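The values are calculated or read from the model by the stated rules, or taken from the named source; none is laboratory data. The model shown is predicted, which means the values in this text are computed figures rather than measured ones. Cβ sites come from the backbone with ideal geometry, for glycine too, and all protein chains shown count toward neighbours. When the accessible area is computed, the model is the full protein with side chains, heavy atoms only, and any ligands, DNA or RNA have been set aside. Shrake-Rupley method; radii C 1.70, N 1.55, O 1.52, S 1.80 Å.
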Amino acid sequence: SNDGDLFLPSDGFVVERDTGTAWAPWGPLFPLAGVANAPTAWVNQNDTTVSTAGGGIVLTDPAQANNLPNYALRVKTAPSTPYTIAAFFVLPPPFSLNYVHALMMGWRNSSSGALSLFRVYYNTSTPAWVMTHLKASSPTADVADYLSTGPRGALQSLRVPIADDGTNRSISLSNNGQIFDLFHSVSRTDFMTPDQVGFGLCSRNASFGISLTLLSWKEA
């Protein structure tokens with residue numbers, strides 16, 4: 001025993017501190033992989049800006065001219081299948097602004113420009129924050145939702161693992177970094193066959209902008 005020592009578990013919820021007589025838990029905290037492997041190429045950047053302050057990647061999309069789709073995305077070549085990419089995002093404050101898209105993550109086909117994206121956005125007609133799996137023919141043209149969950153409470157942070165096992169593409173969700181629940185799965189060639197992965201956002205609001213922070217991008 002040595003008062004003040006720290007133990008950093010690789011698969012636990014907490015940091016433990018030696019009090020001199022016992023290990024006391026502090027947290028919850030979760031292991032992060034950093035953002036060195038995160039996407040860096042822009043698709044439809046427009047007036048979106050990027051910052052790396054604080055060790056993460058912060059995207060900021062200012063107010064737009066209207067509420068039409070205009071998704072700004074950072075993409076990279078997808079790994080060889082099978083793969084899983086687990087990203088950890090800090091979301092912006094829960095503004096009640098129609099069509100504000102606080103988070104988008106998923107796949108793209110570089111030839112056609114088609115997209116398959118998990119998204120979190122606000123819908124005033126519900127009214128609530130909503131999570132969907134979106135099909136889009138481009139960053140400016142939605143096609144349809146594979147799945148829409150209906151109303152959900154505002155989120156402060158979210159882990160979003162996406163996976164492609166060579167047969168299916170899947171999206172899972174987690175708040176604790178240990179337990180992952182399947183959100184949606186579809187054939188990897190349904191609507192489009194991806195060769196890129198990425199993340200992004202879109203304010204889709206004429207009065208207010210939106211920001212998104214990526215703190216971890218882990219590929220396996």
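Can you give me the three principal axis dimensions of segment 80-191 from its C-alpha atoms, in Å, biggest first?
Extents along the principal axes, in whole Å: 38, 35, 19.
Rounded to the nearest 20 debye, what is the charge dipole size of segment 67-217 about its Cα centre when +1 sits on each Lys and Arg Cβ and -1 on each Asp and Glu Cβ?
240
When volume of the Cα convex hull per residue in Å³ is calculated directly from the model, which label among (i) 200; (ii) 168; (iii) 131 fits?
Given (i) 200; (ii) 168; (iii) 131, the structure-derived one carries the label (iii).
Need the C-alpha centroid separation for segment 1-58 versus segment 63-111, integer Å.
Between the Cα centres of segment 1-58 and segment 63-111 lies a distance of 22 Å.
Which percent of the accessible heavy-atom area of segment 56-164 goes to carbon and sulfur, probe 1.4 angstrom?
Carbon and sulfur atoms account for 54 percent of the accessible area of segment 56-164.
Mean separation of Cα pairs under 8 Å and 6+ residues apart, divided by the residue count of the chain: what relative contact order is that in percent?
Reported as a whole number, the value is 29 percent.
Within the set of other residues whose C-beta is less than 14 Å from the C-beta of K135, count the net charge using Lys and Arg as +1 and Asp and Glu as -1. Spell out each step's value before the answer.
Values: positive: R108, R119, R169, R188; negative: D142, D145, D190.
In short, +1.
For segment 140-220, which trypsin sites (Lys or Arg not before Pro) pass both filters: DSSP loop (anything but H, G, I, E, B) and at most 10 other C-beta atoms within 10 Å?
Values: sites: R152, R159, R169, R188, R204, K218; in loops: R188, R204.
Here no trypsin sites (Lys or Arg not before Pro) fit, given the DSSP loop and packing criteria.
Could you tell me which chymotrypsin sites (Phe, Trp or Tyr not before Pro) in segment 111-186 are loop residues by DSSP with no more than 14 other beta carbons within 10 angstrom of their beta carbon?
Of the chymotrypsin sites (Phe, Trp or Tyr not before Pro), not one in the loops of segment 111-186 has a Cβ with at most 14 other Cβ atoms within 10 Å.
Most mobile of A41, A87, A24 per a Gaussian network model of the chain (Cα springs, under 10 Å)?
Of A41, A87, A24, the Gaussian network model singles out A24 as fluctuating most.
Take the solvent-accessible surface of the protein heavy atoms, probe 1.4 Å, and return the percent of it on segment 1-44 that carbon and sulfur atoms account for.
Roughly 57 percent, rounded to a whole number.
Tell me, what is the per residue accessible area of segment 49-139 in Å², probe radius 1.4 Å? Present the calculation step by step, with values, prior to reporting the outcome.
On the way: 3290 Å² over 91 residues.
Normalised by residue count, the accessible surface of segment 49-139 is 36 Å².
Amide H to amide H, which residues 5 or more places from V100 or on other chains are under 5 Å from it, using H placed in the peptide plane?
Residues meeting the amide H criterion: Y122.
May I ask you to evaluate 6.51 cos²θ - 1.76 cosθ + 1.60, the Karplus curve with θ = phi - 60°, for each residue of segment 21-36 and list the ³J(HN,Hα) values in order in whole Hz, giving x for glycine and proline?
Whole-Hz 3J(HN,Hα) from phi for segment 21-36: 10, 7, 8, 9, x, 10, x, x, 9, 9, x, 10, 9, x, 10, 4.
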